[in-house]
Structure formats: C-alpha cells, structure tokens
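Heads up, the thing below is written out as structure tokens.
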Amino acid sequence: MSQIDFATFEILNEVGIITLDLPPGNYLPIPGFIPLKIFKQWIGSDHLKGLIIRGRGKNFSAGGNLEQLFKESGPPDTMQCLMNEGIELLNCIQNLEIPVISVISGVCFGGGLEIALASHIRVASENALLAFPEVSHNLMPGMGGTVRLPGVIGWSYAVNMILGGDIINAKAGKEMGLIDYIVPKDQPFTFALNLMQKMTRDRPLKVIKSIMKSLKNARTLSPEAAMAEETKLFCKLAADEAERRKTEEA
Amino acid sequence: MMIHWMIEGGIGHLKLNQPPSNTMTMDFFREMRDLVNKIKYAPGLKAIIIHGHGRHFSSGADINELLDNVDEQAMLENHRLFAQMEQFKIPVISAIRGVCIGSAFELALFSHFRICSEDAVLGLPESNFNLMPGIGGIQRVARLAGSAKAIEITLRGNTFPAEDALKMGLVDVVVPKGEVLPLALIFARELPENIDIEYRAFYLHKYIKPLNA
C-alpha cells in the first residue's frame, strides 16, 4: 500500500484501488488531489488491468475545500496553476487505457463529481447524492465538468445541474445516465470489484488496452481516423492470435 | 451466393444466405461490396431489410479463415462498407432472429433500426478469442448505450438476450419471432424514403415506437 496525505493506493488481483482518504467528507484540499507524478507511479506499477476510485467511509467526496482554496490561491495566476494540476490529473484518468470505475457512496459533490465524470463506469450506492454546488458560491465546475457532464447526460439535464446546483439522488442519476449501476449501500465496492474482475480477469492486457484505446479514439479523432485506427488495432491482435495458435500447434 | 438480394414493392431484402449460421466469410464481404455499390444506384428503392436465412441472423465472421488471412486493407474496406450503409438515405432495418453476434451484430448496429425476436441472442464475444470487435461495434454500442456499457460488454464478451439489448438501447423493438419480418416490412413502408442517421431518435419516436404500441 502506498500513501500520500489525502489518498491511498493498493493493488488487489491486478486491480488498482485509490481511496480518497480524508473522512468523513474526503474533501479535496487541492484540485490536483494526487500529484500527477505519484499517480503515474501508482498506475505504472505492475501490470494493472483496471482502476477503482472510492472514498474512505460513508462518502465519496464532498469536493474542493473552498475556504482553503480561497486562502491559498492568491492571485488569479496561482489559482489557474492549481486548477490546471487538477485538470491534468482528471484528463490522465479519463485517458487511461484500462477501465476506471468510480464507487460513489453518499456525497459526491463538485470536485468529487468531476472525478466520477472522468471515470469510465459509475457505480453508486442507493443513498448517493450528486451535485455541482459551485453556483451557490458564485463559482462554476472548473475541472472539465461543464464539458464532460453534457456529454454524459445531455444538455438539458446538465444545464439544470450546473446552473441550478440541483442535488440528484442515485435513482435520478441512473435515469439520466449519470449512474450506470445502483447497488445496496454496503455493497458498491464489492460490486465494482466483481464487475472489474468479470471484465478483465481472463483478458490479456493488450486486448483491454486495444478496446479502451478504440473508445478513446472515438472521442479524440475524426470518424475516418478512428475507423482506420480501430482496424489497425484489430489486425495487430488478430496477427498475434494467429501466431499464438501456430506456436501452440507446433 | 452468400447473399440473396431481392427487390419487392420497392423494398430491398438482403438475406444472409449461408444457413444454418450464415457465417460472414471473405466471400460474403466481397459479395457485400458489389451489392452495396449496386444498391447505391438502384432507382426506386425505398428501404432495405437485412435478415438471415433460417433460424438465425448470423454468427459473424469465420474466425479461422479470418486469422489465416489477416489483411488490414481488406478489414478497413469492410469497415468502410458498413459505414457507407449507415450513410444511406433510405432506411436500413435489421430484422434479427436467433443468433446475432460478432461482425453480424456489428452489421446490425450499422443499420438505422433493429427489430429483434424475443429469443434472439446478441453480443460481441471477440475478446474471448483474444480479439476485439473490429468493424465499428465498440463505437456504435457506445453511441447507443453509452461508453460504460460499451466497455463492459466488449471486455466481458458475454452474449445477452433481446430483452437486455432493448434495455440498453441496442435494439429498438422486441417481438415474437414470427412477427419480426412482418413488422420490419411495415416499418420499411411507413418510414420516410429519405432519412438521415443524425436524426435517428426522431424517426424512432415518430414511427417505430408508436407502430409497436
């Protein structure tokens, strides 16, 4: 197990587990709640097939600690710098070529929701609450939430959440597509781990990476380029498999 | 012939014709390429219905043949071929009965609408063979059911029943197997002759869902 001030990292059956570790609220003291360098060390360790992000205790995360942020930020440039670290970390999570599941128990607000949105699959406990409350402090989501949320739930719901600061429960989150699974409140982590095992246990890392990369390409490349890239990834796997079968026969 | 093509009352019937499993071989894709070129210039064609001969839609590619002939250029052409069908201005409807997995499910996912029998079995099992869906299936599932589902079903490689596919939005209508083709024909007649895949949701709610109610 590896630890920094606000988070711990462990590996269980080839699955990395990050636990936000400032209970009860698991506030994020700074936007870049894990230094990118440490995050990359964690993820680079061994051959991880998946990543699960959860919060210690009852809540996922109540988001940024605004008072601390205001106190420490100083001039706009410093604030921008701090935010950029958070944005870079979340982009790095979203672009991972292994599946990332967020396990959302209890409160998932602001920066917490930003983390959940950067994940690929969101599992929530039945008592989960999700919101971007920034607007009530005359702020807005600042780590990509205004870009990612409409992509997940569509403009109409996203405007309500971002501009209205509405708090959404798990059931409503599921209906609008923000939550992929709702599970009883003591089980979300077990459920997520089990789902991750079903997806990755019997799969070689290269298959996982090829599929994840293909999905990422759909987001970042033109349709024509994504198509060509997918064909290339497929043919590489097919050539490897043909070779493996030949070796097996011999 | 691996594909049986017939036009009746302005509606093109594209039948995957290699029963019992209607495997999609390299010959199939060659025929498909010629057919798509022909269809592009077929006057008076109002809609296309894709279905399988016999009990099944298709079990997808012949994996042994495929592994013996890994050809990136040919694969990319197959991919472009499906994408071309998606861009057709006339409605393309897949009428799915029985097994519809792998490349066959990808073909169905490139259609504009999917009508499915209750007993159908669908899925993208490629990862079980250390492969991945190679003809746009991942992207299409992500568009219809969200990227979380796309990751889950392609990595797990499990097959699933029609009812689950309906819940995920991967098929549009589920009916008893005897009603699949008749319903496809009704949709083919009712849908506008000039459509745009961008507005799929609109056609779905205006034509498909009410007719099925």
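The values are calculated or read from the model by the stated rules, or taken from the named source; none is laboratory data. Note that the structure is predicted; figures quoted are calculated from it, not measured. No Cβ is skipped: glycine too gets one built from the backbone with ideal geometry, and neighbour counts run over all protein chains shown.
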Inset, instruction - Among the residues of the range A:203-223, write down those that are over 16 Å from residue B:132 (Cα atoms) and at the interface with chain B (Cβ under 9 Å from one of its Cβ atoms). - result: A:219, A:223
Legend entry - Elements of type strands (runs of 3 or more DSSP E) contained in the range A:106-148, each with 2 or more residues being in the same structural domain as residue A:62 (by TED's automatic domain parsing) and of a type in the set (Gly, Ala, Ser): A:121-125
Inset, instruction - Residues being closer than 19 Å to residue B:6 by Cβ, of a type outside the set (A, V, I, L, M) and not in a loop (DSSP other than H, G, I, E, B): count how many of those fall in the range B:179-194. - result: 3
Legend entry - Residue check, residue B:74 within 11 Å of chain A (Cβ to nearest Cβ) and buried (at least 22 other Cβ atoms within 10 Å of the Cβ): no
Legend entry - Residue in the range B:107-131 that is surrounded by the fewest Cβ atoms within 10 Å (Cβ to Cβ), counting only those that are over 26 Å from residue B:88 (Cβ atoms) and touching a Leu at 6+ places or on another chain (Cβ under 7 Å): B:130
Inset, instruction - Name the one entry in A:102, A:45 that is crowded, with 23+ Cβ neighbours inside 10 Å and assigned by TED's automatic domain parsing to the domain that holds residue A:169. - result: A:102
Inset, instruction - Answer yes if at least one residue in the range A:65-76 is part of a helix (DSSP H, G or I), of a type outside the set (Phe, Trp, Tyr) and under 20 Å from the mean Cα position of the chain (by Cα), and no otherwise. - result: no
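Residue by residue, here is whether (1) touching a strand residue (DSSP E or B) at 6+ places or on another chain (Cβ under 7 Å); (2) part of a strand (DSSP E or B); (3) among the charged types (D, E, K, R) holds:
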{"residue": "B:5", "(1), (2), (3)": "yes, yes, no"}
{"residue": "B:14", "(1), (2), (3)": "yes, yes, no"}
{"residue": "B:21", "(1), (2), (3)": "yes, no, no"}
{"residue": "B:27", "(1), (2), (3)": "no, no, yes"}
{"residue": "B:31", "(1), (2), (3)": "yes, no, yes"}
{"residue": "B:36", "(1), (2), (3)": "no, no, no"}
{"residue": "B:49", "(1), (2), (3)": "yes, yes, no"}
{"residue": "B:55", "(1), (2), (3)": "no, no, yes"}
{"residue": "B:64", "(1), (2), (3)": "no, no, no"}
